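Participant: First the structure, then my questions, so here it is.
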Amino acid sequence: MTDDDFETEQNLLGTILSITDENEYQDQKKLNAGAECNQTQTQTKFQRQYQFQTADSFSKSFEQISLSSDQLCSPISPEGKLQYKNPGVCTSFSSDNQTSLENSMIFGNPRCFDYFQKQPEQFSPIFYSQNNPIWPQYQKPSQNLDIQLDIDIENMCGNQILSRKVQKIFETGSPNQKQQIFCKVQTNCQEFSKDIFGNYLIQKILEKGTVVQQIQIFNQLLPYVFELSKNNFGCRVIQKLIDIMSNNDRLINPFLQEIKQNIQSLLIDQNGKYVILKCLENFQIDVVKFILKPSEELCIHMCDSQYGCKIIQKLIDNYPSQVDNLIQICISNQELLYKSQYGNHIIQYAIKQPKNLEIIANYIVNHLEYLCFNKYASNTVEAILEYLTPKLKNDFVQVLIKLSDQNRMFIFINIATNPFGNYVIKKLLQVFELEHTQQLLNLIRLNLNLLQYIKQSEYGQRIYTILTTQLNDQN
């Protein structure tokens, strides 16, 4: 072998060894990466399992408190403050700490157990295990449920979890438990009624309690009917009270006396309107007739709110022969009502009666372009088209083919290309007979550029389609 052959063979051998070393290095790198990935997945799996078990144990412990008959004593003092003595975890807590505790429990934060303490001889269903100082376990309580229930009721106001717990016990618990809750709540039921969560317990007692309990709650709340009717949460209790006493005349009369004494104040109050409307819906029309006169005096103010309009509509339904004065007051102020978000519905309600139709229609015809340009007034104009007589329909069309004082364009074109008015023209072309729309079609046929103007506008596409179809049908 020559020197050149030997050198060539050595170079080839070196290349083969280099490739082998590189392959071994890549294989080892892949094995290391796979091991790290498996380790990360295992840690994540254990972490998720711990979080789920922690949250599940908290949920089970709370469910056990709510449904069993001999569970724990609340760790909250009568003043609503947590006690800080021995380490432990509470499940009944004030609303200030409620969110932080729930979040800590749900996400398995072990430090959450350091912040909540329990009194000596009071036990929680969650506590430190000897084997695992973080893992929650169940512990058998040693205190009487009656004491626990009393404490929970005292701390229920402002606490959603305790409110639901006590409601659940009243609905599914034993007769003794129900009576205990009732006796504890009865003396201060007006205060519970004004609480964001306490009012639900009063409603539950009125709904699920005995007739005797319902009457006792009624008697307790009767002096506070006006005060509760104007309260955000109390008005809900009063409405529930109206539901349960609808068929009991002995309760209705004293209740309505309280309402009658303060009727005007309730008619202008947002929460009070709910109560008045509930009375009109549940009681016989003869016993709530006293609402009619104050409503006439406060008509314009009431038309500016949703439930005020509902009250007026209900009065029109209940007393069709006695609301002439009320409707006349609305019609005399129709200029304000047309532009009102809720008041325009009163005008729409009034046009269903033929005796009011002509007065309202004449006003609309004289202010047609102005009303069609308004978001709420255009709804009323659109609604009245179905009720117009042939003469009034003809009056409408005569206005549409006039020139506008604003831009000397046909009023029909101005309304058809308006974001609100285009709905009026579209409805008119659909409900008016051909004998009434013929003048509009003749105007378009003589001025085809108007048709193109409508087509090119942002809001006139549908009207262009309808006009084209009707023109083609006549050809």
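The values are calculated or read from the model by the stated rules, or taken from the named source; none is laboratory data. Please read all numbers here as calculations on a predicted model, not as lab measurements. Cβ placement follows ideal geometry from the backbone for every residue including glycine, while neighbour counts extend to all protein chains displayed. Ligands, DNA and RNA are stripped out before the accessible areas are found, and what is left, the full protein with its side chains, is counted by its heavy atoms. Shrake-Rupley method; radii C 1.70, N 1.55, O 1.52, S 1.80 Å.
Participant: Looking only at the range 152-173, filter to residues that are more than 28 Å from the chain's Cα centre (by Cα) and at pLDDT below 75; which one of those is most open to solvent (accessible area, probe 1.4 Å)?
Facilitator: Going through the qualifying residues, I end up with Glu154.
Participant: Turning to a different aspect of this structure: For residues that are over 16 Å from Asn231 (Cβ atoms) and of a type in the set (S, T, N, Q), scanning just the range 269-308, find the one that is least open to solvent (accessible area, probe 1.4 Å).
Facilitator: The qualifying residue least open to solvent (accessible area, probe 1.4 Å) is Ser295.
Participant: Right, next: Within the range 361-379, is there a residue that is modelled with pLDDT of 90 or more and of a type in the set (Asp, Glu)?
Facilitator: yes
One line per residue, one yes/no per condition, for (1) among the charged types (D, E, K, R); (2) surrounded by fewer than 19 Cβ atoms within 10 Å (Cβ to Cβ):
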{"position": "Lys375", "(1), (2)": "yes, yes"}
{"position": "Ser378", "(1), (2)": "no, no"}
{"position": "Leu388", "(1), (2)": "no, no"}
{"position": "Phe396", "(1), (2)": "no, no"}
{"position": "Val399", "(1), (2)": "no, yes"}
{"position": "Ile415", "(1), (2)": "no, no"}
{"position": "Gln456", "(1), (2)": "no, yes"}
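Participant: Please work out if Tyr423 is of a type in the set (Phe, Trp, Tyr) and either under 32 Å from the mean Cα position of the chain (by Cα) or more than 18 Å from Ile331 (Cα to Cα) (or both).
Facilitator: So Tyr423 passes the test.
Participant: Next up: Test each condition in (1) over 27 Å from the mean Cα position of the chain (by Cα); (2) assigned to a helix (DSSP H, G or I); (3) under 23 Å from Tyr307 (Cβ atoms) for Asn362 and report the one that comes out false.
Facilitator: Unmet for Asn362, out of (1) over 27 Å from the mean Cα position of the chain (by Cα); (2) assigned to a helix (DSSP H, G or I); (3) under 23 Å from Tyr307 (Cβ atoms): (3).
Participant: On to the next question. Considering Val397, Val381, which residue is β-branched (Val, Ile, Thr), in contact (Cβ under 8 Å) with a residue 40 or more places away in the chain and closer than 17 Å to Asn418 by Cα?
Facilitator: Val381
Participant: Among the residues that make up the range 420-442, is at least one of them in contact (Cβ under 8 Å) with a residue 12 or more places away in the chain, in contact with an Asp or Glu (Cβ under 8 Å, 6 or more places away or on another chain) and farther than 23 Å from Gly343 by Cα?
Facilitator: Yes: one or more hits.
Participant: Among the candidates Asn253, Asn232, Asn219, single out the residue that is under 28 Å from the mean Cα position of the chain (by Cα) and surrounded by fewer than 19 Cβ atoms within 10 Å (Cβ to Cβ).
Facilitator: Criteria check complete, one pass: Asn232.
Participant: Looking only at the range 324-340, decide whether some residue is of a type in the set (Ser, Thr, Tyr) and under 28 Å from Phe290 (Cβ atoms). Working first, answer last.
Facilitator: Filtering the range 324-340 for residues of a type in the set (Ser, Thr, Tyr) gives 332, 338, 340.
Okay, now just the ones that are also under 28 Å from Phe290 (Cβ atoms), so 332, 340.
Within the range 324-340 (the criterion being of a type in the set (Ser, Thr, Tyr) and under 28 Å from Phe290 (Cβ atoms)), the answer is yes, since at least one residue qualifies.
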